Amino acid sequence: MYFKPLLLPLLAQIALTFIVMIIMYRKRVNEMKIKRIHPQRIRTRSKSKALLTDSASSADNFSNLFELPVLFYTAILLTLILMVQDSLLVILAWSFVVSRYLHSFIHVSYNRVMHRFSVFVFSAFVLLAYWVRLGWIILQG
């Protein structure tokens with residue numbers, strides 16, 4: 001299958017979203033048990049942010065996985081629909097995914113803001129490079 005090299009980073013990014021969801025779920029449930037928080041007390045996002053401070057970074061990371069990565073999903077799907085691919089796009093796709101794994105690891109573990117921010121900026125520039133390359137291929141079409 002010719003497009004398999006781009007499907008693999010797509011699937012890896014989707015897997016990251018589910019991994020972080022499970023981490024968030026486990027942290028949230030544990031925190032609710034420890035603090036004896038009834039689920040109804042966190043019925044809104046603002047209430048959960050106020051009460052579930054220990055698991056906030058994993059929840060924030062989960063939300064973040066539906067921000068910048070949406071542009072990644074769109075780019076990969078557009079690449080597949082147009083049936084264009086080259087080694088640079090594959091390298092950029094994997095670079096984005098690896099940087100997002102690193103970003104998530106930092107976010108849900110020790111959460112050092114400048115480390116996380118540096119990786120975020122790197123991933124954003126990699127994604128921009130992907131779009132520039134894809135745009136160039138389309139315009140050359």
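Please treat every number below as a calculation from the coordinates, not as lab data. Nothing here was measured: the structure is a model prediction, and the numbers come from that model. Methodologically, a virtual Cβ is constructed for each residue, glycine included, from the backbone with ideal geometry; neighbour enumeration extends over all protein chains shown.
Before moving on, here are some points about what is shown:
- Each stretch of four or more DSSP H residues adds -39500 (n - 2.57); spread over every residue of the chain, this sum gives -27500 deg cm²/dmol at 222 nm.
- Angle in degrees between helix 68-82 and the longest Cα principal axis of the chain, rounded to the nearest 10: 30
- Positive-end extreme of charge dipole, the stretch 4-140 - chosen from L82, Q40, Q13 (charges on Cβ): Q40
- Residues V119, V84 arranged by fewest to most Cβ contacts within 10 Å: V84, V119
- In degrees, nearest ten, helix 113-140 long axis to first principal axis of the chain (Cα): 30
- Residues in the stretch 1-31 reached by a label modelled at E67 [backbone nitrogen below 17 Å; 7 Å Cα→Cβ]: 17, 20-21
- Here's the list of lysines a cross-link from K47 could span, going by alpha-carbon distance under 27 Å and ignoring same-chain residues fewer than 8 apart: K27, K33, K35.
- Spin-label zone in the stretch 105-128 - amide nitrogen under 12 Å from a point set 7 Å from the Cα of R26 along the C-beta vector: none
- Residues considered: S63, S104, S87. Largest GNM mean-square fluctuation over the chain, using C-alpha springs under 10 Å, is found at S87.
- Of the chymotrypsin sites (Phe, Trp or Tyr not before Pro) found in the stretch 106-139, the ones in coil according to DSSP and having at most 11 other Cβ atoms within 10 Å of their Cβ are Y110.
- Charge dipole of the chain about the Cα centre (unit charges at C-beta), most positive-ward option of N111, F62, Y25: Y25
- DSSP-loop chymotrypsin sites (Phe, Trp or Tyr not before Pro) across the stretch 1-74, with at most 10 other Cβ within 10 angstrom: Y2, F66
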